[in-house]
Structure formats: C-alpha cells, structure tokens
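Read-outs throughout are calculated quantities, based only on the coordinates presented, and are distinct from any laboratory measurement. Quantities reported herein were computed from a predicted structural model and do not represent experimental measurements. Methodologically, a virtual Cβ is constructed for each residue, glycine included, from the backbone with ideal geometry; neighbour enumeration extends over all protein chains shown.
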Amino acid sequence: MHGKSLTMMVAFAALTWPSFAEDNLPAAYLDAFEAAVAEPTDPGAGAGLMALLPRVTTSFGPPRDLFVIEGDLTVDEDDLVRYRLEKSVGGVSADKRNPELIVHVEDGQQAHWKPGKQTLRYAVVKGTFPEPAAYQAVVDDMKSAGEDWVGACAQCAVAFEHRPQFDGLGTWDEFQALADSDDLRFIVVYNPDASGPIASAFFPTDTWQERLVSIFPKYFTLADGGYTGRGVLRHELGHVLGYRHEHTRNIAGCVFEDANWFPVTPYDPNSVMHYFCGDAGTRELELSEVDRVGHAANYAPEAPDDAQ
C-alpha cells in the first residue's frame, strides 16, 4: 500500500481498551497469535488468528473489512500478513524499551502537521449518526477535546476548527472534493458495527481517504466504565496530532505495538495517550503536565519543518 510502514498501512489507531490489555487476552488468542507470528507465511496459522480477531466494517466511503489487532490497530487481510512478517523478524531495540511521550515516525521523520497546515478543519457527518442527540454529543465532545489540546500550548499554531456547514455531506466524492481544497482536513463519522472498538483516528501522514475519526456504539455507553466521550476524543485527537500510545513498547500488562516512534518526554503513566493497563493510565484521559510539555516541544514555532 504505497510503500508505507505497517503502522501507516493500518490507517487507524482505534481505542478498544481496557478489554484488550495483555492480561485480559484469552489464552486461545495468545496461542493463535504466537503460532501466526512463528509461521508468518502459513495460511492455516493466519486463518486461526483471523478467526479470533475482532472485525470492523467501514460504513462511510468504500466498504472495507478490517481486523482489530493489539486492541488499537485495524488492518486488512494483506496487511495482517505483513504484520506477522514484521513481528517474526522484528521487535523493539534495547534503547527503545524505556517509555516516553512519543511521536509517530514515518520514513525517518516525525509525524506532525507542519506550519501552514496546523488548522485542522473537520466536519461531523450528521447523517451517519443514529439520532440527533448522539450527533450533538459528539459535536460537543469534539469541541471540548480540541480546546483542551489547543489550550495545552498557547504559543503553538494548532487549531481544531469545526465546519458545521459541511456536516450534511453524504458521499465520499463530496469529502474528496473538500479534502482536495483543504476545506476539510478530516471527518468524524458514526460506524454502527457493534463489534467495533470505541473510537478510531489517524496520523498526520495518512492520506485523505484515511482521515476519519470513527465513533462506534460503545462510545455511548462509556459511563459504564468510568470514561467520558471528551476524554476518549482527547486521546483520539492526540493520534490526529501524531502521538502514539504511551505504553507502546513491552509494558507488562499492555499490548505491544512497534518501534516506529521517537521519544519526546520521560515516561508518563498518567498520559492521555496511555491505555488503562500495566498498572498505569487513567480513566479520565486528561492531558498531564508531561503531555503539555511534550506537545509544546513538538509544536512550538521553532519545531523543525519535518512533517506532512
């Protein structure tokens, strides 16, 4: 897929925790995962893993059937093979086992929006939501979550700008035209796939087709687990800004992801980007002071122009 690394090929960083913390994974899944990685080209081992993975079908734009892996990534069948190959020969280097607030790295460059591209215009596609109240709740949560990131760095030029005049768009072609003109950088849509995660997002290096923040049915039952929509979207907008999960390397009790990241700050167990796993993370998903320092370091005006 255009020569991208696996993480960019997956297109989404989806929030499914805490049920996919490593210590909650069923033994059958762990066994199937181990077998699939040990024999990455064996179709039988791949089928055994796929049979146990949660699945998501996209509901806006061209339909795609995706597998949810590691609790926070979605891949198609071809990418799942590449993922197994990477795991079979890869790993994380010793100098990257100490966790920090981290920025995604693509082709050796840190992924953040460069100057002139830091006003992130979006629409919340009303027609995808099951009822007006659900749409309005997401509109409100997006506004609050965006303001939290903007407020974390007054000297940064980052802005999240809701374009309600485009909330009525109904086709993929409409979104493409608005993306091409940069009237919209991304859209927020509802996906009724009941087996899906809570929400999903994208990275700055993703193409316009991948720039969706998706909301799933579980989003509207968050209170049952002590979470809030505002907190979840703070986390997802962190991905939109280029940030990876705080726990993304061999933290006991958390899922392992990959080594495509760059450290910005010391490890912060209270980061908004940390799942509630490994005896760390918070259900509030608020921006910590360390998050604020790292975000300012990444997006301050003197930050290098090395992003998309």
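Before moving on, here are some points about what is shown:
- Close amide-amide hydrogen proximity is noted between Val188 and Ala123, Val124, Val125, Val213, each under 5 Å apart and 5 or more residues distant or on a separate chain (H modeled in the peptide plane; Pro and chain starts excluded).
- In nm, spacing of pseudo-spin labels at Ala223 and Thr207 (7 Å Cα→C-beta vector): 4.2 nm
- Between Asp76 and Val150, the modelled labels are 3.6 nm apart [label points 7 Å from Cα along Cα→Cβ].
- Segment Thr171-Leu85, length gained on full extension (0.36 nm per residue, minus Cα span): 27.4 nm
- FRET efficiency estimate (nearest 0.05) - Cβ-Cβ, Arg64 to Ala35, R0 22 angstrom: 0.25
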